[in-house]
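Peer 1: Take this structure first; my questions come after.
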Amino acid sequence: MTCPWTWSSAGNFICTQRRLTHQVLAISRRFSTMPKVVVVGAGVVGLSTAIHIQKQRPSTQVTVVADKFEKQTTSHGAGGLFRPNLEHLLGVDPDTVTRWSHEGFNFYSKLAVSPEAAETGHMVMPGYVFSNTEIKNPLYKSVVFSFRQLSSEELEKLAVKYKFGYQVTTVITDCSRFMPWLMRKFKEQGGVVENKHVDNLEEFVGKYDVVVNCSGIHSRELVGDRSVYPIRGHLIRLKAPWIKYWVYTEDSAYFIPGYDSLAIGGVRQKDNYNLEIDPKDTAGILERCYKLWPSLQGAPVLSEWVDLRPHRDPLRLEKETMKFPKGSLNVVHNYGHGALGITLAWGTGKEASQLAVQCLSSSTSKL
């Protein structure tokens, strides 16, 4: 029998034969009077938040409700490059972003150097950032493994037409492996999963003590938040096993290796809801990336991915009490990460779980 997992005091998953199996624990929670929390959304933000709640309050029954899982989620197709920046997080305090970034990097980097790395999809990988404007003290400089500016001689050897270049060693998350891993860990801790579309949070009144809203772009309809909007993304995956590094530029041309493919991109199209592959976008991505890195020419195209990144200025991470005809509901919101979902999910998930625990404690104190 495979051994289930639990949390160590250091915050990592460890194996223990004394842990109840997922099936027994899930059944016991269904028939207990323990606090109940539902997380709406099964992307990387939702699952990370759910797992943090399990860690902070093991006596809580946590349920994830969503109509899209793993390959159907926006998170699954992401490039997974850990490179937090402030330009896509308007309205969020830089110190807060730095705290979230450190939380995420500490978690991902430990996985990347652990025996689980092949299963979780994490890799330590060097790469390059190229720009025609100097990048001074970017936020990620203090977070990643290393950051240094390239000399003019190094830029010449790399044969790139940019005035500035930076060598950065960071972590890449292959989400095709990470998302299934997160779901397994959630279930092994007794988490319950329900596949359904949520039209109104009112349906949870009287059933759950706290609702955590990680519904991303669906928050426009679910909670009437029209300030969250889509940024359409488009990635092409190539078979290019000779590429062992990543490259990012200021001209919408980049490539990021995964375990089985190389993701190249991309586009950032605000308020574009089109989920179909646009041949013009495909041609533009290939042209820009071939020009940036000629060795990519001839690499077979394996697949293409298009999805809508949920963006909000600022990212919404807060709690509120929502009033409905059936009664009130404690709600924690955690959405609007845009293109930084993978980077920030673990850090914002921890903070959202703390808010959820505060709501649970407040409810208990009133009994």
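Peer 1: Give the accessible surface of region 264-310 per residue, rounded to a whole number of Å², with probe radius 1.4 Å and ligands, DNA and RNA excluded.
Peer 2: With all protein chains present, region 264-310 gives 58 Å² per residue.
Peer 1: Let me ask you something else. So, with a 1.4 angstrom probe, what is the percent of accessible area on region 28-186 that is carbon and sulfur?
Peer 2: Values: 3460 of 6640 Å².
C and S fraction of accessible area: 52 percent.
Peer 1: Right, another one. Which FRET efficiency value, to the nearest 0.05, is calculated for Ser362 and Leu302 with the Förster distance at 45 angstrom and r the Cβ-Cβ distance?
Peer 2: The calculated FRET efficiency here is 0.35.
Peer 1: Just flag the chymotrypsin sites (Phe, Trp or Tyr not before Pro) in region 157-252 sitting in loop per DSSP whose Cβ has no more than 16 other Cβ atoms within 10 Å.
Peer 2: Here the sparse-neighbourhood loop sites are Trp242, Tyr245.
Peer 1: Moving on. Taking the chain as a Gaussian network, where each spring joins two C-alpha atoms under 10 Å apart, which residue of Lys280, Lys163, Lys110 fluctuates the most?
Peer 2: Lys280
Peer 1: Next question, about the same structure. I'd like the distance separating the alpha-carbon centroids of region 159-204 and region 109-142, in whole Å.
Peer 2: Value for the Cα centre distance between the two parts: 16 Å.
Peer 1: For the modelled label position 7 Å from the Cα of Arg268 along Cα-to-Cβ, which residues of region 83-118 have backbone nitrogen atoms closer than 16 Å?
Peer 2: 83-92
Peer 1: What is the gain in length, in nm to one decimal, between Arg184 and Trp242 on full extension, counting 0.36 nm per residue of separation less the C-alpha to C-alpha distance?
Peer 2: Difference between extended and current length: 17.7 nm.
Peer 1: Considering only Cα-Cα distances, which of the following residue pairs are longer than 29 Å: Lys141/Lys319; Lys71/Lys136; Lys136/Lys157; Lys71/Lys239? Show your work: numbers first, answer last.
Peer 2: On the way: Lys141/Lys319 31 Å; Lys71/Lys136 37 Å; Lys136/Lys157 23 Å; Lys71/Lys239 20 Å.
Long pairs (Cα-Cα over 29 Å): Lys141/Lys319; Lys71/Lys136.
Peer 1: Taking R0 as 35 Å, what FRET efficiency do you get between Thr169 and Leu275 from their Cβ-Cβ distance, rounded to the nearest 0.05? Spell out each step's value before the answer.
Peer 2: On the way: r = 35 Å, r/R0 = 0.99.
That gives a FRET efficiency of 0.50.
Peer 1: Between region 318-367 and region 143-158, how many Å separate their Cα centres?
Peer 2: Cα centroid to Cα centroid, the span is 41 Å.
Peer 1: Checking the cross-link filter: which lysines have an alpha carbon closer than 19 Å to that of Lys161, excluding same-chain neighbours under 8 positions apart?
Peer 2: Straight-distance partners of Lys161: Lys291.
Peer 1: Just to be sure I follow the definition: excluding the sites themselves, where is the longest run in the chain that has none of the GluC sites (Glu not before Pro) in a DSSP loop with at most 10 other Cβ atoms within 10 Å?
Peer 2: 135-275
Peer 1: Taking Lys270 as the anchor, which lysines have their alpha carbon closer than 20 Å to its alpha carbon, excluding any fewer than eight residues away along the same chain?
Peer 2: Lys280
Peer 1: Within region 233-350, what whole-number % of the accessible surface is contributed by carbon and sulfur, with the 1.4 Å probe and all protein chains included in the calculation?
Peer 2: 52
Peer 1: Run the numbers for Asp95 and Ser227: contour at 0.36 nm per residue of separation, minus the present Cα-Cα distance, in nm. Walk me through the intermediate numbers first.
Peer 2: On the way: separation 132, 0.36 × 132 = 47.52 nm, distance 2.32 nm.
Here the answer is 45.2 nm.
Peer 1: For region 258-335, with only Lys/Arg (+1) and Asp/Glu (-1) charged at the beta-carbon, what is the dipole magnitude about the Cα centre, in debye rounded to 20?
Peer 2: 400
Peer 1: How many percent of DSSP beta bridges within the chain run antiparallel, rounded to 5?
Peer 2: 70
The values are calculated or read from the model by the stated rules, or taken from the named source; none is laboratory data. All of these numbers come straight from a predicted model, not from anything done at the bench. Cβ sites come from the backbone with ideal geometry, for glycine too, and all protein chains shown count toward neighbours. Note: accessible area is taken over every heavy atom of the protein model, side chains too, but ligands, DNA and RNA are not part of it. Shrake-Rupley method; radii C 1.70, N 1.55, O 1.52, S 1.80 Å.
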